Amino acid sequence: MERYYQPEIETASREQIKQWQGERLVKQVRHVWDNVPYYRQKMQEKGLTPDDIKGTEDLHKLPFLSKYDLREAYPYGLMGEPLKNCVRIQSTSGTTGKRVVAFYTQHDIDIWEDCCARAITAAGGTDEDVCQVSYGYGLFTGGPGLNGGSHKVGCLTIPTSSGNTERQIMFIRDLSATILCCTPSYAAYLGETMKEMGLTPDQIPLKAGIFGAEAWSEEMRQDIQKTLGIKAYDIYGLTELSGPGVAFECSAQTGMHINEDHFIPEIIDPQTGEVLPDGEQGELVFTAITKTAFPLLRYRTRDICVLSREKCPCGRTHVKMSKPRGRSDDMLIIRGVNVFPSQIETVLLNQGYPANYQIIVDRVNHTDTLDVQVEMTPEMFTDSVGEIEKRQKELVNGLRAMLGLTAKVTLVAPKSIVRSEGKAVRVIDKRKI
Ligand code: DLL
């Protein structure tokens, strides 16, 4: 039987959701106008006042916000509350120089944790469960968000944070953890390590995993489910909108329900900014309608996906987003061809390789090169040059069929690609360095 954390909200009628969204949007636009001069100016430039926004049908009139605005307004320029009302910040790693600092009131944290509690409940979590949170704690939102959600559900929470794989496995076994929260790449690594220790899925107490923060393919889900003997659920979110829990998967495992009582999604054409109808692929844009300290309106996520309003067998009525099919800024353009790392992953996993790979892009003699280094599993490891060449050729052919592009494939020994404890670094683009 499907369980919900907030059934009256998660299974509310479409009319009810629409009504909440309309009322909250109107209130939020007024709040932002009164408190965020940066956005007020953007509205004024479009000739808008709060009176022009009477409901969700007027949402498209509002100006977009993007990473560019976050940089411009850093650190306080998009705040909707005085600092004294805020109790926390979270931040992204800023590895690409785009540090995002998001502010929270206690009320904002409460909403965020509710969203994470919905995700844990959808994955079968109850107060009988032991939930190990192996996302990083600290500035990254993964640990704090799921920790809060786990408390709300009443699970016994093990806040291991990321890293120290041996200790992770020790806690999973000694304290019989039933739910694991971490990035999918770290879940795969934990699975690989447990397999090497001789543990079979029935000796691993876990029953579910809540994995997100990075792109992962359906094939990778199957792999993780098999090695750990669990059901693996996707979870999506971003620091700008609070963190994990903006959307989460249910038992149907066919996309993630967006918490529409807090976030209004739109899909736009990334080139023109035009709003696209449901079912079309485009860039996901969110308007936060309940958070007040960092109230982003029409924030462009850069994530490319599709929304679906098909009836879900789980009973939830909130719209579903597909797995992001890559980020518009993650897309590699190689010799003029658009390539998403997820397409490469699909080919590798379909041919029986593990999700341990690295994509190296370079430019030699004015021509882009694509080099895919793929780890062999211990079972397929061989030192027969002929066998390795044969396998490499199969992968080159598979990649050509998927991408329409010839890549160089190098098979490398098991364990030679560095493992990640958080978000995996899959792409090294030397052209930008
Ligand atoms: O990654 C929040 C999070 C933590 C989500 C834990 C899920 C679990 P950021 O570091 O700000 O926040 O990165 C946000 O990560 O725009 C997506 O491109 C990507 N992303 C997040 N979840 C998924 C997912 C957290 N399930 C960026 N699938 C987003 C694919 C994801 N990409």
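List of remarks:
- The range 173-254: proportion of alpha-carbon pairs further apart than 20 angstrom, %: 31 percent
- Shape class for the range 298-341: prolate, because the ratio a/c of the largest to smallest gyration tensor axis (alpha-carbon atoms, square roots of eigenvalues) is 1.5 or more and a/b beats b/c.
- Label positions at Glu128 and Lys195, each projected 7 Å from the Cα along the C-beta direction, are separated by 3.0 nm.
- For the chain, DSSP calls about 60 percent of its internal beta bridges antiparallel.
- Averaging Cα coordinates gives a centre for the range 330-399 and one for the range 191-221; these two points are 23 Å apart.
- Entry for the range 288-433 at q = 0.10, 0.11, 0.16 Å⁻¹: log10 I(q)/I(0) = -0.48, -0.57, -0.97, Debye formula applied to identical alpha-carbon scatterers, no solvent contribution.
- Summing Lys and Arg as +1 and Asp and Glu as -1 over all other residues whose Cβ lies under 12 Å from the Cβ of Lys415 gives a net charge of -2.
- Proximity of backbone amide H atoms, modeled 1.01 Å from N, is registered between Asn356 and Glu375 at under 5 Å, excluding neighbours fewer than 5 places apart on the same chain.
- Three principal axis extents of the range 122-213 based on alpha-carbon atoms, in descending order, are 35, 28, 20 Å.
- What the chain shows is 43 Å² of accessible area per residue, with the surface traced by a 1.4 Å probe over protein heavy atoms.
- Taking the C-alpha atoms of the chain, convex hull volume expressed per residue in Å³: 147 Å³
- The share of accessible area on the chain that comes from carbon and sulfur is 51 percent, using a 1.4 angstrom probe.
- Each residue, Arg30 and Gln6, gets one label point 7 Å from its Cα in the Cβ direction; the gap between the two is 2.1 nm.
- His151/Arg173 FRET efficiency (R0 22 Å; Cβ-Cβ; nearest 0.05): 0.45
- Gyration tensor verdict on the range 8-158 (Cα atoms; rounded if a/c is under 1.5, prolate if a/b is larger than b/c, oblate otherwise): oblate
- Environment charge at Ile9 (Cβ cut-off 12 Å; Lys +1, Arg +1, Asp -1, Glu -1): -3
The values are calculated or read from the model by the stated rules, or taken from the named source; none is laboratory data. The shown structure was predicted, so the numbers you read here are calculated from the model rather than taken from an experiment. Every residue, glycine among them, receives a Cβ derived from its backbone with ideal geometry; neighbour counts consider all protein chains shown. Please note that ligands, DNA and RNA were not included when accessible areas were found on the heavy atoms of the full protein model with its side chains. Shrake-Rupley method; radii C 1.70, N 1.55, O 1.52, S 1.80 Å.
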